[in-house]
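These notes concern the structure reproduced below.
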Amino acid sequence: REQKSVQTLLRTLQRPRYVATGLLPEFQQLDGRHAFIKNHQLPPYEKPEWKGDGSEENPGMDMDVKLNLYAEAMAADPAPLIEDLNARLIELDDMLYSEHHCSEGGLGLDDIDLWARLRSISIIRGVEWPSKLRTYIDNLSAMGDVPLYDEMAL
């Protein structure tokens, strides 16, 4: 599935930015930011090694290590990853049925899922949105009265 192919890319770009903005209500408190970092691994780590399983043999990563990995991800040059993301958005733009719904059947659950995923990309500064895709996310944002993250993008 196409979504799986971008999972590592998006986790690397989005997760540190959510925490770093401090503007989303759930991340305004330090405890909220730490809870997110504690529970949301960064690539290349998988959930079992990040969170552990509660056993002595696999307690999970130390919180200081996790905080450092998030800080490193934010400090890294995002340009190569954003370049890859921009290319994938062009591919998605070609697949999008229209500026109002993503598939031929009209507005549906697939639009809710896709729009939520695209909205989360809007927290990444430097993304180049293809025209149809940008109009699509703007249309659904207006329709649902839910803002995008462009104003707080990092």
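The values are calculated or read from the model by the stated rules, or taken from the named source; none is laboratory data. It should be emphasised that the depicted structure is a prediction, and the values quoted were computed from it without experimental measurement. Here Cβ is always computed from backbone atoms with ideal geometry, including for glycine, and neighbour counts include all displayed protein chains. In case anyone asks, the SASA skips ligands and DNA or RNA and just uses the protein heavy atoms, side chains included. Shrake-Rupley method; radii C 1.70, N 1.55, O 1.52, S 1.80 Å.
Between the stretch 1-76 and the stretch 96-126, what's the alpha-carbon centroid distance in Å?
Cα centres, the stretch 1-76 to the stretch 96-126: 24 Å.
Which aspartates and glutamates, on any chain, are close to LYS132 with Cα under 12 Å apart, when same-chain ones fewer than 8 places away are left out?
Straight-distance partners of LYS132: GLU91, ASP93, ASP94, GLU99.
I'm spelling it out carefully: the read-out is Kirkwood radius over Cα pairs in Å, the candidates are (1) 18.2; (2) 16.8; (3) 16.0, and one was derived from this structure. Which label?
Checking each listed value against the structure points to (2).
For the charge dipole of the chain, defined by +1 on Lys and Arg C-beta atoms and -1 on Asp and Glu C-beta atoms about the Cα centroid, which residue among LEU107, SER122, ALA73 has the Cα displaced farthest towards the positive pole?
Checking the options against the dipole of the chain, the answer is ALA73.
In debye, nearest 20, what is the charge dipole magnitude of the chain about its Cα centre with +1 on Lys and Arg Cβ and -1 on Asp and Glu Cβ, if you could check?
The dipole magnitude comes to about 200 debye.
At most 13 other Cβ atoms within 10 Å and a DSSP loop assignment: could you name the GluC sites (Glu not before Pro) in the stretch 1-58 that fit?
Here the sparse-neighbourhood loop sites are GLU46, GLU56, GLU57.
Tell me the relative contact order for the chain as a rounded percent, counting alpha carbon contacts under 8 Å between residues six or more apart.
23
Just check the stretch 6-52 against the gyration tensor rule for me: Cα atoms, a ≥ b ≥ c as the square roots of the eigenvalues, rounded for a/c under 1.5, and otherwise prolate or oblate depending on whether a/b exceeds b/c.
It is oblate, given that a/c is not under 1.5 and a/b is not larger than b/c.
Once you order the gyration tensor axes a ≥ b ≥ c over the Cα atoms, which shape class does the stretch 45-126 get: rounded for a/c under 1.5, otherwise prolate or oblate by comparing a/b with b/c?
Oblate, since a/c reaches 1.5 and b/c is not below a/b.
As a test of the formula, what do you get for the chain when each DSSP H run with n ≥ 4 contributes -39,500 (n - 2.57) and the sum is divided by the residue count, at 222 nm and rounded to the nearest 500 deg cm²/dmol?
Only helices count here, giving -18000 deg cm²/dmol.
How much accessible area per residue does the chain have, in Å², with a 1.4 Å probe?
59
Within the stretch 62-112, which GluC sites (Glu not before Pro) sit in a loop by DSSP and count at most 10 neighbouring Cβ atoms inside 10 Å?
When the GluC sites (Glu not before Pro) of the stretch 62-112 are filtered for loop state and at most 10 Cβ neighbours within 10 Å, GLU104 remain.
Between SER103 and ASP64, with labels modelled 7 Å along Cα→Cβ, what's the label distance in nm to one decimal, could you check?
Output for this residue pair reads 4.9 nm.
Of HIS40, LEU30, THR8, which is farthest on the positive side of the dipole of the chain, counting Cα position, with +1 on Lys and Arg Cβ, -1 on Asp and Glu Cβ, and the Cα centre as origin?
Going by the Cα projections, it comes out as LEU30.
Near LYS47, which aspartates and glutamates are there with a Cα under 18 Å away, not counting those fewer than 8 places off in the same chain?
Hits, sequence-local ones excluded: GLU56, GLU57, ASP62, ASP64.
Under the rule a/c < 1.5 gives rounded, and otherwise a/b versus b/c splits prolate from oblate, where does the stretch 97-154 land using the Cα gyration tensor?
prolate
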